[in-house]
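Written below as structure tokens is the structure these notes are about.
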Amino acid sequence: MMYKKQSGAVLIVSLIILVVLTLFVISSSQNVLIQEKMTASVRDMHVSMEIAESGIKDAEEYLNDISDTDSFNDTDGYYSEGNGPSDIFADSTWDDGNYQTADTEISGEYALYFIEYVGIYTTDDDTTDVSISSYGDTNEESDIYLFKIVARSLGINGNTERIIVSYYAKTF
């Protein structure tokens, strides 16, 4: 009986297929890791937005409860007209004593906020700078006190920051 000498072609083809499949699996796993990081980042972005919005809500509740503007004396995050921080992105703006901490906790985090008294808007003013149509549905002339609320929050992992600016109007 005569035996044929094997050349090993099947082994070489099998190794090439194995290498191609290995590269495909490595590439796919890297893609999954990138997608996981992106998903975590988007989640953190949404959570930090919710936290900042809770700061706006807490500041509005504070403004609802006050009966005058005497507390706006440039301390503890309550600023008088024209004296609020000019650069809301600066680290010094968010140093201790320059802000209030919101009462609402979301995922173990709290928003920081400050309120600046902007001034009085009188309904008989002829201006287009402020739109308060249907505000209070009143025809009488009255003074409307304007406030600027700035809220800041970090996401759960501390890599995401949100700063929201809102304006609030109130009559006393």
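The values are calculated or read from the model by the stated rules, or taken from the named source; none is laboratory data. Note that the structure is predicted; figures quoted are calculated from it, not measured. As a convention, Cβ positions derive from the backbone with ideal geometry for all residues, glycine included, and neighbour counts pool all protein chains shown.
The residue of the range 155-172 that is modelled with the lowest pLDDT, among those that are within 14 Å of V47 (Cα to Cα) and either small (G, A, S) or in contact with a Leu (Cβ under 9 Å, 6 or more places away or on another chain) (or both), is G158.
Evaluating Y79 against the criteria (1) in contact with a Lys or Arg (Cβ under 9 Å, 6 or more places away or on another chain); (2) at pLDDT below 90 leaves one unmet condition, (2). Residues of the range 81-96 that are part of a loop (DSSP other than H, G, I, E, B) and surrounded by 17 or more Cβ atoms within 10 Å (Cβ to Cβ): G84, P85. Restricting attention to the range 44-80, the residues that are touching a residue at least 40 places away in the same chain (Cβ under 8 Å) and part of a helix (DSSP H, G or I) total 19. With respect to (1) without any contact (Cβ under 8 Å) to a residue 40 or more places away in the chain; (2) outside any loop (DSSP other than H, G, I, E, B); (3) exposed (fewer than 11 other Cβ atoms within 10 Å of the Cβ), the lone exception for S7 is condition (2). Looking at the structure I just gave you, is L112 at pLDDT 85 or above and assigned to a helix (DSSP H, G or I)? So L112 does not fit the description; no.
Across the range 97-109, the qualifying residues are those that are assigned to a loop (DSSP other than H, G, I, E, B) and in contact (Cβ under 8 Å) with a residue 24 or more places away in the chain, and the one among them that is nearest to Y167 (Cα to Cα) is Y99.
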